[in-house]
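To start, the structure itself, in structure tokens.
The values are calculated or read from the model by the stated rules, or taken from the named source; none is laboratory data. Source: prediction; values computed, not measured. Note: ideal-geometry Cβ built from the backbone for every residue, glycine included; neighbour counts use all protein chains shown. Only protein heavy atoms, including side chains, enter the accessible area calculation; ligands, DNA and RNA are left aside. Shrake-Rupley method; radii C 1.70, N 1.55, O 1.52, S 1.80 Å.
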Amino acid sequence: MQAEIKGGSAFSYVEIDLEPGESVITESDAMSSMDARLELKAILNGGFWRALLRKFLGGETFFVSRFSNQTDSKARLTIVQPTPGEVKCEELNGGSLFLQPGAFLACEETVSLGLQWAGLVSWIAGEGLFRLVVSGQGKVWYGAYGALLTREIDGEFIVDSGHLVAYDPTIKLRLQLAAGLFSSFFGGEGLVTRVQGKGRVVIQTRSIGGLTSWVNPKLY
Amino acid sequence: MTALFNIRMHHSLDAAQISEAAVHFAKLFKIEPEKAEQLLHKAPVVIRKGASEEMAGKIGTALQKLGITISLEPVADAAATAAAPAPVAAPEATPEAEQSAGHAVNDGGTVVSPPDHPGYPFRIEGRPDFSFLTVMVPGEQMLKVEASAMATMDTNVEMKTKMRGGLSRLLTGESIFINEFHARGGAGEVGVAPGAPGDMGHVYLDGNVIYLQNSAFVACGPKVEIETKWQGLTKGFFSGESLFLIRAVGQGDLWFNTYGAMIEIDVDGEYVVDTGNIVAFTEGLEYKVSKVGGYKSLFFSGEGFVCRFSGKGKVWIQTRGVQALLTWVHPFRPVKKRG
């Protein structure tokens with residue numbers, strides 16, 4: 001399988017060339033164009049109950065699409081994410097990665113998706129009660145609104161709620177006020193997430209909250 | 001002592017793809033394109049010896065975009081690295097290359113403050129679509145940031161909320177507060193994400209004055225004063241954004257954001273900008289709001305009012321206007337009827 005992310009950080013899309021016999025799993029409605037010979041099958045996202053959980057708690061879709069190449073030559077598939085923003089690829093080598101709800105876009109069949117209780121802290125911070133764990137072997141594509149930046153953390157770092165996209169399993173999250181009570185309330189920052197540990201954190205450079213607070217005063 | 005690795009690259013590119021990838025590869029490692037091409041043909045090959053894990057990660061993400069994967073081979077210890085024969089190539093990943101490695105290939109490039117920059121060290125990533133500002137605030141110094149724009153910060157940075165000059169901000173629907181980030185006990189990093197999708201500009205003020213469109217302010221140094229200025233009724237009413245402008249004066253850095261891409265224009269004489277596309281301009285430029293042509297074109301050309309600058313100075317414009325966005329989106333918004 002060969003894949004390339006194109007389209008810049010604003011409107012990323014992924015071109016995947018499937019070799020004969022290969023297949024890829026994507027979120028439903030992620031396909032924007034494909035070779036007519038590719039076979040599409042909508043499958044439940046890991047069984048009925050798990051699919052339900054993933055839809056309502058993991059910010060994913062109930063069904064996922066499985067594209068497989070049953071022909072004897074290479075076939076191309078193009079996938080996109082619903083929001084404007086960047087898509088990144090992570091090559092898993094037996095390790096795992098935590099994704100925020102809604103960040104998952106597609107993966108190779110050898111990657112397993114799991115839903116994990118993220119804790120009340122994560123929920124209060126607006127990051128969802130559950131988080132997605134991707135593990136195994138192969139490529140995973142994920143994305144969010146805004147450009148994606150990787151930050152190497154060794155120690156502690158503060159990320160505003162709504163900006164966290166993905167992080168290594170070695171990273172722990174803690175919730176705190178941005179500052180004192182007055183500042184946290186009036187300064188517009190409210191609660192922030194304190195990430196601890198050693199590993200990578202991927203942040204998105206825009207948030208939907210920022211977009212609405214920019215646009216809303218201009219609407220009448 | 002941290003673990004060191006030799007980085008070996010692999011790819012399955014064909015000859016045409018190699019020559020395409022070689023251009024980027026050469027740029028990334030600051031070597032000749034011919035040499036890069038030769039190197040790519042030799043793959044799998046060790047391209048760097050004794051790299052730290054962090055460095056390997058950066059090189060990995062940069063090369064992944066070219067369809068090249070890397071594998072890491074642990075090096076026993078530093079002595080072994082030194083004793084090892086010279087690598088096939090010793091590409092030196094430059095700081096710029098490393099920083100731009102986190103982005104899509106066709107972005108506008110990361111802006112990094114020059115070493116002799118008189119203000120705070122900073123960099124702007126994610127340009128031009130979703131620019132993101134990271135400022136390194138020196139120990140015991142302070143940075144002023146637009147309310148709720150902070151996205152990341154170090155734990156030794158302390159936030160304080162201050163009232164911002166003028167209650168007129170209440171009328172504009174924007175926050176009347178501004179946040180001050182103090183670095184305590186050493187330098188601290190603050191990451192700022194503006195609300196609007198777009199680019200970001202930086203100027204170093206040295207006593208001069210810059211006017212910003214009302215929602216363009218991102219951040220500034222402690223000695224820069226930010227005031228909201230009434231534009232006057234005719235100017236304000238027709239200038240698209242709002243009745244107010246921000247006047248920035250003092251000494252230090254000033255960052256502002258645009259919606260869309262940003263164009264910097266040196267004005268000498270007269271220049272006309274659509275009112276919705278003004279982001280910032282230097283003091284000394286006179287401006288008046290007027291119609292482009294006669295009354296017929298005012299109503300039918302779709303241009304409406306424009307801003308006519310005259311004098312000598314600089315104007316920053318944005319390549320999209322928020323009103324145009326709203327007009328475009330509005331028919332698709334679910335609207336609840338009032339009353």
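Restricting to the range B:110-134, name every residue that is within 14 Å of chain A (Cβ to nearest Cβ) and either open to solvent by less than 20 Å² (accessible area, probe 1.4 Å) or of a type in the set (Ser, Thr, Tyr) (or both).
Passing the criteria: B:110, B:124, B:125, B:126, B:130, B:131, B:132, B:133, B:134.
Identify all residues within the range A:190-216 that are part of a strand (DSSP E or B) and either closer than 15 Å to residue A:102 by Cβ or within 19 Å of the chain's Cα centre (by Cα) (or both); write none if there are none. Don't jump to the end; show me each part of the working.
Of the range A:190-216, the ones part of a strand (DSSP E or B) are A:191-204.
Scanning the range A:190-216 gives A:193, A:195, A:199, A:200, A:201, A:202, A:203, A:204.
Here is a check on your reading of the model: is residue A:98 closer than 19 Å to residue A:19 by Cα, open to solvent by less than 40 Å² (accessible area, probe 1.4 Å) and either in contact with a Lys or Arg (Cβ under 6 Å, 6 or more places away or on another chain) or not in a loop (DSSP other than H, G, I, E, B) (or both)? Lay out the reasoning, then the answer.
Values: closer than 19 Å to residue A:19 by Cα: no; open to solvent by less than 40 Å² (accessible area, probe 1.4 Å): yes; either in contact with a Lys or Arg (Cβ under 6 Å, 6 or more places away or on another chain) or not in a loop (DSSP other than H, G, I, E, B) (or both): yes.
In short, no.
Could you please tell me which pairs satisfy a Cβ distance under 7 Å, a separation of 6+ or placement on different chains, a first residue in the range B:308-337 that is within 27 Å of residue B:203 (Cα to Cα), and a second residue that is outside any strand (DSSP E or B) and open to solvent by 90 Å² or more (accessible area, probe 1.4 Å)?
none
What strands (runs of 3 or more DSSP E) completely inside the range A:1-56 contain at least 3 residues that are more than 26 Å from residue B:12 (Cα to Cα)?
Values: elements: A:2-6, A:13-18, A:23-27, A:31-34, A:39-44.
So the answer is A:39-44.
Answer yes or no as to whether residue B:166 is at pLDDT 90 or above and either in contact with a Lys or Arg (Cβ under 8 Å, 6 or more places away or on another chain) or among the small types (Gly, Ala, Ser) (or both). Before the answer, list the steps.
On the way: at pLDDT 90 or above: no; either in contact with a Lys or Arg (Cβ under 8 Å, 6 or more places away or on another chain) or among the small types (Gly, Ala, Ser) (or both): yes.
The answer is no for residue B:166.
Residues that are within 14 Å of chain B (Cβ to nearest Cβ) and at positive phi: does the range A:95-102 have at least one? Please lay out each step first, then the result.
Residues of the range A:95-102 that are within 14 Å of chain B (Cβ to nearest Cβ), as a first pass: A:95, A:97.
Subsequent filtering for residues that are at positive phi retains none.
No, that holds for no residue.
Please determine whether any residue of the range A:41-49 is closer than 17 Å to residue A:4 by Cβ and out of contact with any Asp or Glu (no Cβ under 9 Å at 6 or more places or on another chain). Write out each step before concluding.
Of the residues in the range A:41-49, the ones closer than 17 Å to residue A:4 by Cβ are none.
Scanning the range A:41-49, I find no residue that is closer than 17 Å to residue A:4 by Cβ and out of contact with any Asp or Glu (no Cβ under 9 Å at 6 or more places or on another chain), so the answer is no.
With the requirement that a residue be within 12 Å of chain A (Cβ to nearest Cβ), touching a Phe, Trp or Tyr at 6+ places or on another chain (Cβ under 8 Å) and assigned to a strand (DSSP E or B), what does the range B:189-212 give you?
Within the range B:189-212, B:190, B:191, B:192, B:198, B:200 meet the criteria.
Is it true that residue A:134 is in contact with a Ser or Thr (Cβ under 8 Å, 6 or more places away or on another chain), at pLDDT 80 or above and either outside any loop (DSSP other than H, G, I, E, B) or open to solvent by 50 Å² or more (accessible area, probe 1.4 Å) (or both)? Before you say what the answer is, go through the steps one by one.
Working: in contact with a Ser or Thr (Cβ under 8 Å, 6 or more places away or on another chain): yes; at pLDDT 80 or above: yes; either outside any loop (DSSP other than H, G, I, E, B) or open to solvent by 50 Å² or more (accessible area, probe 1.4 Å) (or both): yes.
Answer is yes for this residue.
Residues that are within 7 Å of another protein chain (Cβ to nearest Cβ), open to solvent by less than 50 Å² (accessible area, probe 1.4 Å) and modelled with pLDDT of 90 or more: does the range A:164-187 have at least one? Quick ask: steps written out before the conclusion?
Restricting attention to the range A:164-187, the residues satisfying the condition of being within 7 Å of another protein chain (Cβ to nearest Cβ) are A:178-179, A:182-183, A:186-187.
The next check asks that each one be open to solvent by less than 50 Å² (accessible area, probe 1.4 Å); those that pass are A:178-179, A:183, A:187.
Restricting the remaining residues to those that are modelled with pLDDT of 90 or more gives none.
No: the range A:164-187 contains no residue that is within 7 Å of another protein chain (Cβ to nearest Cβ), open to solvent by less than 50 Å² (accessible area, probe 1.4 Å) and modelled with pLDDT of 90 or more.
How many residues does the range B:268-297 contain that are modelled with pLDDT of 85 or more and of a type in the set (Val, Ile, Thr)?
Adding up the residues that qualify gives 5.
Kindly check whether there is at least one residue in the range A:119-140 that is of a type in the set (A, V, I, L, M, F, W, C) and within 14 Å of chain B (Cβ to nearest Cβ).
Within the range A:119-140, the first condition is being of a type in the set (A, V, I, L, M, F, W, C), and the residues that meet it are A:120-121, A:123-125, A:129-130, A:132-134, A:140.
Adding the requirement that they be within 14 Å of chain B (Cβ to nearest Cβ) leaves A:125, A:140.
Yes, the range A:119-140 contains a residue that is of a type in the set (A, V, I, L, M, F, W, C) and within 14 Å of chain B (Cβ to nearest Cβ).
Across the range B:311-326, which residue is modelled with the lowest pLDDT among those that are within 11 Å of another protein chain (Cβ to nearest Cβ) and surrounded by fewer than 17 Cβ atoms within 10 Å (Cβ to Cβ)?
Quick first cut of the range B:311-326, residues within 11 Å of another protein chain (Cβ to nearest Cβ) only: B:321-323, B:325-326.
So of that shortlist, the ones also surrounded by fewer than 17 Cβ atoms within 10 Å (Cβ to Cβ) come out as B:323, B:326.
Details: B:323: 80, B:326: 84.
Here the answer is B:323.
State whether the residues of the range A:35-57 include one that is touching a Pro at 6+ places or on another chain (Cβ under 6 Å), more than 28 Å from residue A:199 (Cβ to Cβ) and more than 14 Å from chain B (Cβ to nearest Cβ). Before you say what the answer is, go through the steps one by one.
First pass over the range A:35-57, keeping only residues touching a Pro at 6+ places or on another chain (Cβ under 6 Å): none.
No, the range A:35-57 has no match at all.
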